[in-house]
Amino acid sequence: MTESLKKFAKELKSFREAKDISLQYIANRTKIDIKFLQAIEEGNFDILPDLYMRAFIKEYAKEADFDVTEVLKKYDLAKKGVTEEKISQSTDLKESNIEQPVEQKEQQAKTFVKNETVNKSNSGSLFRFRTNYLKFTYVSLAAVIILSIVVYFLFLRGESTKTLEVSDNQLSNNSTNRFELTSDSTQTFANIEDDSLKLALKASERVWVKVLSDNKAVFQNFINQNENLTFKAEKEFRVSVGNAGAISMELNKKPLIIPGTKGELRSYIINIDTVKSYLLSVPTRNESRP
C-alpha cells in the first residue's frame, strides 16, 4: 500500500467522521459488508479486485454525501502515487494590544496575504460538500424541467410515425445498457430478436452484478431488493455477483440451481447446456499484495 493510498483512506475517514456518519449506517444503506468499508478506510484496497473496490468506494462516497466523481478521481490519482494537499484550516490573526514597529506590522501583513492566497488555492479541494450539494440541486432541477419539455415535444408534438419504443430509446442514448421497463419492473437488455437464451435475475436484497452477453458487457451496477432483470444472448452469459446468496436466476423461464452463499463473490458461465461457477477468493490482510 502506497503513502498516497494511505493518505486518501485517512481523508475519507476523517471527513466521514466530521459529518457524524457511522460505518454501520453506510453498511445498512448500501448492503456492503462492513469489513469491506473498514478496509477502505484502512487503505487496504488489495482485499478485493479493483472492479469491486471501485464500485464499493462509489457507494461509500454517495452515502457519506461526498462528491462521487471527485472521490473516484482522487482514488485513481492515489493508485498512481499522486498526492494532493488536504484542505488547509484558515487561521485568524489575533489583534495585538501592544504597539509593534512598522517593519513587524508589514511582515505580519505579508504573512496574512500569503495565508489567504494558500487558503483560496485549496478551496477547490475534494470535499466541498455544501457548495457541491447546492450546485447539484440546481442542476438537477434544471435537468428535470428540460427533460419534461423534451418529453412533451417527443410524445405530444412529434411526428406521428415515431413510436413509444423509439422515443424511449432516444431518451436512453446516454446509457450503455439498452433495456425496456415493463409494469412489473422487469428489465430486458441486449434486445436481439433471434436470441436463443434469456436469463432472468431477481435480487432478494441490494446486490452488485455485472453481466456479459456473448462476451459483451451489457450491465454493471447494483440491483435493488425484489428487482427483476432479464437479459438475452445467442450463446452464453457471464455473470459476476458481489453477494451470491442474494440472487436467483432463471434460464429460458427455468430456475437454475446455482452454488453460492451469502457474502460470497462468485462468477458464473451460463449456456444452454451447463452452468459453471467460480468462487472469487478474497485475500486476508496477511495475504494481500505488498
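Only the coordinates and a few stated rules stand behind these numbers; no lab work does. Everything numeric here is computed off the predicted structure, so don't read it as measured data. Every residue, glycine among them, receives a Cβ derived from its backbone with ideal geometry; neighbour counts consider all protein chains shown.
Which length gain, in nm to one decimal place, applies between VAL68 and ASN28 when the Cα-Cα distance is subtracted from 0.36 nm times their residue separation? Let's see the in-between values first.
Numbers: separation 40, 0.36 × 40 = 14.40 nm, distance 1.88 nm.
Separation in residues times 0.36 nm, less the Cα-Cα distance, equals 12.5 nm.
Of the peptides 136-144, 3-11, the order by per-residue mean of other Cβ atoms within 10 Å, starting with the highest, comes out as 3-11, 136-144. Computed packing ranks the peptides 56-63, 18-25 as 56-63, 18-25, most packed first, by mean other Cβ atoms within 10 Å.
Around PHE56, with a cut-off of 12 angstrom between Cβ atoms, what is the net charge of the other residues, counting Lys and Arg +1 and Asp and Glu -1? All intermediate terms of the calculation are to be shown ahead of the outcome.
Details: positive: LYS31, LYS35, ARG54, LYS58, LYS62; negative: ASP33, GLU41, ASP50, GLU59, GLU63.
Net local charge, PHE56 excluded: 0.
When the listed pairs LYS73/LYS216; LYS80/LYS135; LYS10/LYS135; LYS10/LYS210; LYS210/LYS253 are checked against a 28 Å cut-off, the alpha-carbon distance exceeds it for LYS80/LYS135; LYS10/LYS210.
Descending by average beta-carbon neighbour count within 10 Å, the peptides 255-261, 65-71 line up as 65-71, 255-261, the highest first. Take the Cα of GLU205, step 7 Å toward its Cβ, do the same at ASN226, and the gap between the two points is 1.6 nm.
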